[in-house]
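Please read the structure below before turning to the comments.
The values are calculated or read from the model by the stated rules, or taken from the named source; none is laboratory data. As the structure is a computational prediction, the values presented were derived from the model and not from experiment. Heads up, the Cβs are rebuilt from the backbone with ideal geometry, glycines too, and the neighbour counts pull from every protein chain shown. Ligands, DNA and RNA are excluded from the accessible area calculation, which covers all protein heavy atoms including side chains. Shrake-Rupley method; radii C 1.70, N 1.55, O 1.52, S 1.80 Å.
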Amino acid sequence: QVSPPQSLRPQRHLFRRLVAMALAGSDVPSAACFACPGGLASPAGRALPAEYTAPAVFAEGNSAARLGATATLATGALLLVTGAGIRRRRTARLRRAAAPAEADVEGGRRGLLVLGLAGASGVASVFSGPTEASAEEKVTPAVLAQARGDLEKLIKADPNKGPTFVRLAWHSSGTYDKMTKTGGSEGGTIRFKEELAHGGNAGLDKAIKWLEPVKAANPGMGWADLCTLSGVVAIKALGGPEVPWRAGRVDSMDPKDVTPDGRLPNADNGSYAKDSAHLRDVFYRMGFNDQAIVALSGAHALGRCHADASGFVGPWTPTPTVFNNAYFTLLKNITWEEGCIKGETCKNHQYSDPSKQLMMLPTDIALINDPSFMKYVDVYAKDEKTFFRDFSQSFSTLLELGTKGLYVV
């Protein structure tokens, strides 16, 4: 592994992804079209995803100054070269950048890949596909502090954004399948329109838009890290526990990495028994147990449902911007009746409290009708400290599903 030069480092994940695509036999941008205003094409002439257009590439968080010069943007070309080696450069830094790298793919040698940007920088970098971040590429304490600060300002200005960030972090991670080792927060694919279109992600396009200025101001942090960090910061900012978080997720640049729709929980499955079975199917697939299912459900202390997004309407608690154990105390102690909250028209089957101000989903009610789930509801309703501890542990685990090479900043 060789780190890119400083001027190109913000695009390191793009470079790695393109090389990985080449090694896997996928279409990669041709050198001739890298700087084309209309975007990129594969060597075979097929159009590549919109994320590879020149504006999108450079909008991954960096100005022309970070790339070396405006001239680099105009004259840059992606070089994909095969062969036995490359000539050593005259300086020590260029010698390191030109070191040959080989990769075995499906049992066969594909040769050497040299990925570079020609132009003002005049430097080529070599990669062997997505690997663990080098010391120079890692998120630094300064970058993390800046990103945290920017997120805290967003939530302080509008606390109602906090619950949406928690949902974004959870949904970006909750696609993981432990059997196929697919999905999870690695790649940050939830920012792609293909994944935002999934039924369970209705309304999360707003959260991505809220994060765009934060990403632009913090180019040293990738989308995958930022989406998960936003949930961690929101929980703490709204009164919840500190959730351990590590950096190092590598952004995908290919919407084909989006997992199929249907991996997130459905709120209504027809009966309490079916709701309980469905929750276990979803969460066991990720590697969680009944205790973690109940602990993670406690995030419903935050936020509310919207008819134009999920079809359900109303908040779970009277304090939807405060993270606490109220979800459990209300779930356990109130008599919940089928029906909508006052003044609203519900599109889906849900429950409301006697005052018609609060609501619960069918899968929430399933927790108090299943003996294994109910024992944890009872614990968390009585002891907020225990809930905070178990939630913090389970949410941290959730955010790391499908990742590799993470590190503490």
Selection status of VAL232, over 16 Å from the mean Cα position of the chain (by Cα), open to solvent by less than 10 Å² (accessible area, probe 1.4 Å), of a type in the set (A, V, I, L, M) and at pLDDT 95 or above: no
Hits in the stretch 348-363 (condition: within 11 Å of GLY314 (Cβ to Cβ), in contact (Cβ under 8 Å) with a residue 24 or more places away in the chain and open to solvent by 20 Å² or more (accessible area, probe 1.4 Å)): GLN357
Within the stretch 330-407, helices (runs of 4 or more DSSP H) holding 2 or more residues that are farther than 30 Å from MET179 by Cα and out of contact with any Gly (no Cβ under 7 Å at 6 or more places or on another chain): 371-382, 384-399
Test: residue in the stretch 195-217 that is in a helix (DSSP H, G or I), closer than 27 Å to GLU384 by Cβ, open to solvent by less than 20 Å² (accessible area, probe 1.4 Å) and in contact with a Gly (Cβ under 6 Å, 6 or more places away or on another chain): no
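For the stretch 326-347, what are the residues that are over 22 Å from ASN269 (Cα atoms) and either surrounded by fewer than 13 Cβ atoms within 10 Å (Cβ to Cβ) or in contact with a Cys (Cβ under 7 Å, 6 or more places away or on another chain) (or both)?
First, pick out the residues of the stretch 326-347 that are over 22 Å from ASN269 (Cα atoms): 326, 329-330, 333-334, 342-344.
ASN333, LYS342, GLY343, listed by residue number.
Among the residues of the stretch 247-256, write down those that are buried (at least 18 other Cβ atoms within 10 Å of the Cβ) and either in a helix (DSSP H, G or I) or not hydroxyl-bearing (Ser, Thr, Tyr) (or both).
Step one: filter the stretch 247-256 for residues buried (at least 18 other Cβ atoms within 10 Å of the Cβ), giving 247-254.
Selection gives ALA247, GLY248, ARG249, VAL250, ASP251, MET253, ASP254.
Taking THR386 as the residue in question, decide whether it is within 21 Å of ILE293 (Cβ to Cβ), among the polar types (S, T, N, Q) and free of Cβ contacts under 8 Å to residues at least 24 places away in the same chain. Before you say what the answer is, go through the steps one by one.
Values: within 21 Å of ILE293 (Cβ to Cβ): yes; among the polar types (S, T, N, Q): yes; free of Cβ contacts under 8 Å to residues at least 24 places away in the same chain: yes.
So THR386 fits the description; yes.
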Residues within the stretch 137-171 that are assigned to a loop (DSSP other than H, G, I, E, B) and either open to solvent by less than 20 Å² (accessible area, probe 1.4 Å) or at pLDDT 95 or above (or both), tallied: 6
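So, in the stretch 172-185, exactly how many residues are part of a loop (DSSP other than H, G, I, E, B) and either open to solvent by less than 40 Å² (accessible area, probe 1.4 Å) or under 23 Å from LYS236 (Cβ atoms) (or both)?
Let us first name the residues in the stretch 172-185 that are part of a loop (DSSP other than H, G, I, E, B), namely 174-176, 178-181, 183-185.
After this cut, where a residue has to be either open to solvent by less than 40 Å² (accessible area, probe 1.4 Å) or under 23 Å from LYS236 (Cβ atoms) (or both) as well, the list is 174-176, 183-185.
Looking only at that region, the number is 6.
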Among (1) more than 29 Å from LEU151 (Cβ to Cβ); (2) part of a loop (DSSP other than H, G, I, E, B); (3) hydrophobic (A, V, I, L, M, F, W, C) - the single one ALA277 does not satisfy: (2)
Residue within the stretch 268-288 that is polar (S, T, N, Q), open to solvent by 50 Å² or more (accessible area, probe 1.4 Å) and over 20 Å from the mean Cα position of the chain (by Cα) present: no
Near pairs, Cβ below 8 angstrom, 6+ apart or cross-chain, from the stretch 312-325 (under 20 Å from ASP268 (Cβ atoms)) to any residue that is acidic (Asp, Glu) and buried (at least 21 other Cβ atoms within 10 Å of the Cβ): TRP316/ASP364
